[in-house]
Amino acid sequence: MKERPIFEEVFSQLARQSDFWLKLLIGGLLSFIPVVNFFAFGYLYRFSLKVRRSGQLVLPEWRDWPGLFTDGLKFAVVWLTYWLLPLLIASAVSAGLSALGLGALSYLLLSSLLFVSPLLFCSALYRLQMRADFKDLLDVPLIIRITYHHFPRLMVPALAFLGICALGLPLYGCALFSGFLLLIAHTGLSYRAMQMRKAAAA
């Protein structure tokens, strides 16, 4: 994979794996059911960690279910804090702005957070997996700086994530799982490249 991954190549490399669609289907179906979706979260967490450590887009197997559930809890903390919570806050503020007759500003705020929150989430997940210390999630300014630094290169996967979620909304479980899988693959390679450059310059 190139130092700066190209989204189309990332998707192609994933899709060429013989069991890609089966693993995607399992994750998508698990994502529909509350609590059970922690297994799907754990799978995404392990995939992210594997990409960051090896730089290889090889999907893990669906095994070690207790471990998947535990990893899913870690994923859920980041997901709730840096993806769902910002969207809920933005939705509440947006509703208030609309009530004040500021519909255009309301739309701008909500659409901006819809676009940025997946990237904030990926930056926070990357930060957590560096040391597996949840205290690192409290360094919000650093996570924002990481997101800002990579933002130009991550616009395409972010738009693809939103497109998958919008088009697959009736099948929201499959849409979220597949969207996060692709987003994590691309951002994981980008963050690994950043680490490698820092290590080489040290």
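Bear in mind these aren't lab numbers, they're just calculated from the coordinates by the rules spelled out. Fair warning: this is a prediction, and the values are worked out from it, not measured in the lab. Every residue, glycine among them, receives a Cβ derived from its backbone with ideal geometry; neighbour counts consider all protein chains shown.
Summary of values
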read-out	value
Charge sum, other residues only, whose C-beta stays under 14 Å from D133's C-beta, Lys/Arg counted +1 and Asp/Glu -1	+2
Test item: Cα-centred dipole of the chain, Lys/Arg +1 and Asp/Glu -1 on Cβ, debye	560 debye
For I144, net neighbour charge (Lys/Arg +1, Asp/Glu -1) across residues whose Cβ lies under 14 Å away	0
Under the span-like rule (Cα at least 27 Å along the axis, Kyte-Doolittle mean at least 0.0), DSSP H helices of the chain	103-131, 140-167, 172-201
Dipole in debye (nearest 20) - region 114-202, about Cα centre, beta carbon charges: Lys, Arg +1; Asp, Glu -1	300 debye
Residue among Y148, T70, F121 farthest towards the positive dipole end of the chain, charges placed on Cβ	Y148
Lys pairs under 21 Å by Cα in the chain, provided they are eight or more residues apart or on distinct chains	7
